[in-house]
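In what follows, a single structure is set out as structure tokens and then discussed.
The values are calculated or read from the model by the stated rules, or taken from the named source; none is laboratory data. Remember, it's a predicted structure, so these values are computed and weren't measured experimentally. Positions of Cβ are generated from backbone atoms using ideal geometry, with glycine treated the same way; all protein chains shown enter the neighbour counts. For accessibility, only protein heavy atoms count, side chains too; no ligands or nucleic acids. Shrake-Rupley method; radii C 1.70, N 1.55, O 1.52, S 1.80 Å.
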Amino acid sequence: MKLIVVENYEEMSRVAADKIKAVVNENPNAILGLATGSTPVGTYKELIEMNKNNEIDFSQIKTVNLDEYIGLGEKDPQSYRYFMNENLFNHINIKKENTFVPNGLAKDIEEEAKNYDMKIDELGGIDIQILGIGSNGHIAFNEPADALTSGTHLTQLTESTIAANSRFFNSIDEVPKTALTMGVGQIMKSKRILLLANGDSKADAVKEIFSGKITSKNPATMLQMHKDVTVIVDKKVGELIKNN
Ligand code: GLP
């Protein structure tokens, strides 16, 4: 595992976008695994800028997203599909039909989950997966639990995740309690993984990724079993990791 400590959020976003650019420029047909949340927004802004300056071409790129809330459709401003359209897809030269986000409105969620995994395999797998991390160590919506699920699946969100994500909603009661998420096994199949973490609240969870111990109580610790993971953290998180 490689740790990159950067000065601040802006530098994290630039470094992450540069890494994605390198993958895309090497393989214009690359499959990008994308994440939502506040963390990757700066990276997406950098990618939009690069696209405007003709430094990166998304015309042949395909993307797969990690997760989606159950019950929220693409027109719902809180859905992850809406988030991706607003924060990236609407501003770059990607074909919408080449962007995949699990369908939170699917009638048969199990079928949707199975098809999503099949789709990723059919595309040839993810070349680079971007990840944020929850303060409890969740990646995508794989929450701390006694056992983790490998493939895409329906999951119950923990109280702490519902509380953390309520900042995007009018009230905590509006936060969906369930989501469809790529499983840890599917994430681990990605050829490369880039995890971004900034802010003190992430430090404890990130520190455990470097502990040498793997526990389902912190799903991100699984990443230690992957051979190509880069973790980018801001200075504050970097110091907290080193001093503990
Ligand atoms: C959500 C998403 C995760 C994301 C996490 C952290 O729960 N499902 O993919 O990593 O939030 O979000 P933020 O980047 O806003 O801290």
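Please list the helices of the chain that count as membrane-span-like by this rule: a mean Kyte-Doolittle hydropathy of at least 0.5 together with Cα atoms stretching 18 Å or more along the helix axis, each helix being a complete DSSP H run.
Both cut-offs are met by no helix.
Run the Debye formula on the Cα coordinates of the chain, all scatterers equal and no solvent, and tell me log10 I(q)/I(0) at q = 0.08 1/Å.
-0.27
What share of Cα pairs, in percent, lie more than 18 angstrom apart in segment 78-125?
Summing the P(r) of segment 78-125 above 18 Å gives 40 percent of all pairs.
Quick one: net charge around Leu180, please, counting Lys, Arg +1 and Asp, Glu -1 for every other residue with C-beta under 9 Å from its C-beta.
-3
Run the dipole for the chain about the Cα centre, Lys and Arg Cβ at +1, Asp and Glu Cβ at -1, nothing else charged, and hand back the magnitude in debye, nearest 20.
Its charge dipole is roughly 500 debye.
Over segment 3-110, what is the relative contact order in whole percent, taking alpha-carbon pairs under 8 Å and six or more residues apart?
With pairs under 8 Å counted, the relative contact order is 27 percent.
Could you size up the charge dipole of segment 1-94 around its Cα centre, putting +1 on the beta carbon of Lys and Arg and -1 on that of Asp and Glu, and report it in debye to the nearest 20?
The dipole magnitude comes to about 160 debye.
Counting only protein heavy atoms and using a 1.4 Å probe, what share of the accessible area of the chain belongs to carbon plus sulfur, as a whole percent?
C and S atoms contribute 48 percent here.
Let's test this: bin the Cα-Cα distances of segment 41-152 at 5 Å from zero up to the farthest pair and state each bin's percent.
In order of increasing distance, the bins hold 2, 10, 18, 23, 22, 15, 7, 3, 1, 0 percent.
Ignoring ligands, DNA and RNA, what accessible area per residue does segment 112-244 give at 1.4 Å, in Å²?
45
Quick one: compute the contact order of the chain, relative version, from alpha carbon pairs under 8 angstrom and 6+ residues apart, as a percent.
24
Would you please give the FRET efficiency between Asn54 and Glu122, computed as 1/(1 + (r/R0)^6) with r the Cβ-Cβ distance and R0 = 45 Å, to the nearest 0.05?
0.90
How large is the Rg to Rh ratio of segment 88-203 when both quantities use alpha carbon positions and Rh follows Kirkwood?
0.96
Considering only His153, Gly125, Ala106, whose Cα is most displaced toward the positive end of the charge dipole of segment 106-159, charges sitting on Cβ of Lys, Arg (+1) and Asp, Glu (-1)?
Towards the positive end, the residue furthest out is Gly125.
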